[in-house]
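To keep things clear, I will list the structure first and then write my remarks on it.
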Amino acid sequence: MIKSMTGYGRASGFSGKLEISVEIKSVNNRYLDCSFKMPRVYSSFEETMKSTVHRYISRGKVDVFVTIDSSNAGDIEIRVNAPLAEAYLAALRDMSARHGLADNIGVMDLARFPDVLQVEKKEADLDELCADVCSVLEAALGDFNDMRKREGDKLGRDITERLDEIERLTALVEGITPRTTAEYRNKLETRMREILQGAELDESRILTEAALFADRTAINEELVRLRSHMSQLREMLRGGEPVGRKMDFLVQEFNREANTIGSKGNDAEMAKVVVDLKAEIEKIREQAQNVE
């Protein structure tokens with residue numbers, strides 16, 4: 001089953017009391033172009049996360065948004081700078097004794113002095129946090145791939161319908177080819193009779209000219225290759241590997257054969273069928289731009 005290059009996925013989880021949220025969005029691109037939007041303090045996670053993304057995605061413009069909420073983490077600690085507090089207290093008591101002031105120093109008075117109380121944030125275990133972020137990322141990638149598979153299934157059905165139509169048109173071309181040669185022979189014979197005005201016709205010359213015409217307009221090789229390309233494309237649609245680039249190339253080959261058939265064709269009905277054939281090929285080419 002093929003996958004679409006466009007998709008969206010989301011997942012959330014926790015690392016301790018840190019809440020992690022990951023969103024993934026992608027659009028079409030010739031190659032894999034992956035970018036991350038996350039707090040700069042966690043930018044060291046990017047390489048590990050990129051390796052995780054590469055296991056799931058091979059092509060597309062992918063944006064990964066990572067949010068880490070620490071509002072409920074409870075990782076704030078208040079520490080007392082005991083040596084500094086004792087130094088302030090000693091200085092205040094010395095002032096009290098020297099100037100005969102009341103020694104009524106309270107805890108709140110001491111806490112107001114700079115740096116007596118220090119706010120500290122606990123250091124997170126970055127290795128553990130990175131592993132937890134990648135775990136949430138994998139869950140988001142799973143959701144992302146589910147959406148891409150659903151879109152890919154729609155693409156596959158549409159391309160298959162186009163292939164069925166191309167096969168029908170190819171059969172029409174095959175039916176027109178012998179008739180075209182026969183019509184050319186009849187026209188040639190009629191024209192020769194008009195020119196010779198009752199003289200005996202050189203049957204061998206007419207056969208030779210008809211044979212040359214048939215050789216110039218022969219499209220058997222092109223039809224065989226076109227059917228081979230159709231078979232290959234059906235195999236690609238049934239497979240599970242990324243086939244977008246191969247499909248791009250194969251559709252070019254479809255166009256090459258259709259153009260050759262059109263240039264060799266010498267019949268108005270065949271020209272119309274070839275136009276329809278190329279229109280269906282172009283629709284497949286457009287859809288192939290969305291395939292991973």
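Is it the case that the range 264-280 has a residue that's within 17 Å of the chain's Cα centre (by Cα), within 18 Å of residue 160 (Cβ to Cβ) and surrounded by 14 or more Cβ atoms within 10 Å (Cβ to Cβ)? Checked the range 264-280: no residue is within 17 Å of the chain's Cα centre (by Cα), within 18 Å of residue 160 (Cβ to Cβ) and surrounded by 14 or more Cβ atoms within 10 Å (Cβ to Cβ).
Of everything listed in (1) at pLDDT 95 or above; (2) among the β-branched types (Val, Ile, Thr); (3) more than 30 Å from residue 238 (Cβ to Cβ), the single unmet condition for residue 166 is (3).
I want to confirm something. Restricting to the range 98-138 and keeping residues that are among the small types (Gly, Ala, Ser) and either in contact with a Gly (Cβ under 9 Å, 6 or more places away or on another chain) or exposed (fewer than 10 other Cβ atoms within 10 Å of the Cβ) (or both), which single residue is modelled with the lowest pLDDT? Lay out the reasoning, then the answer.
We begin by selecting, within the range 98-138, every residue among the small types (Gly, Ala, Ser); these are 100, 102, 106, 111, 124, 131, 135.
From what is left, the residues that are either in contact with a Gly (Cβ under 9 Å, 6 or more places away or on another chain) or exposed (fewer than 10 other Cβ atoms within 10 Å of the Cβ) (or both) are 100, 102, 106, 124, 135.
Details: 100: 81, 102: 83, 106: 84, 124: 66, 135: 96.
Filtering the range 98-138 for residues that are among the small types (Gly, Ala, Ser) and either in contact with a Gly (Cβ under 9 Å, 6 or more places away or on another chain) or exposed (fewer than 10 other Cβ atoms within 10 Å of the Cβ) (or both), the one modelled with the lowest pLDDT comes out as 124.
The values are calculated or read from the model by the stated rules, or taken from the named source; none is laboratory data. Quantities reported herein were computed from a predicted structural model and do not represent experimental measurements. Note that we place each Cβ from the backbone using ideal geometry, even for glycine, and neighbour counts take in every protein chain shown.
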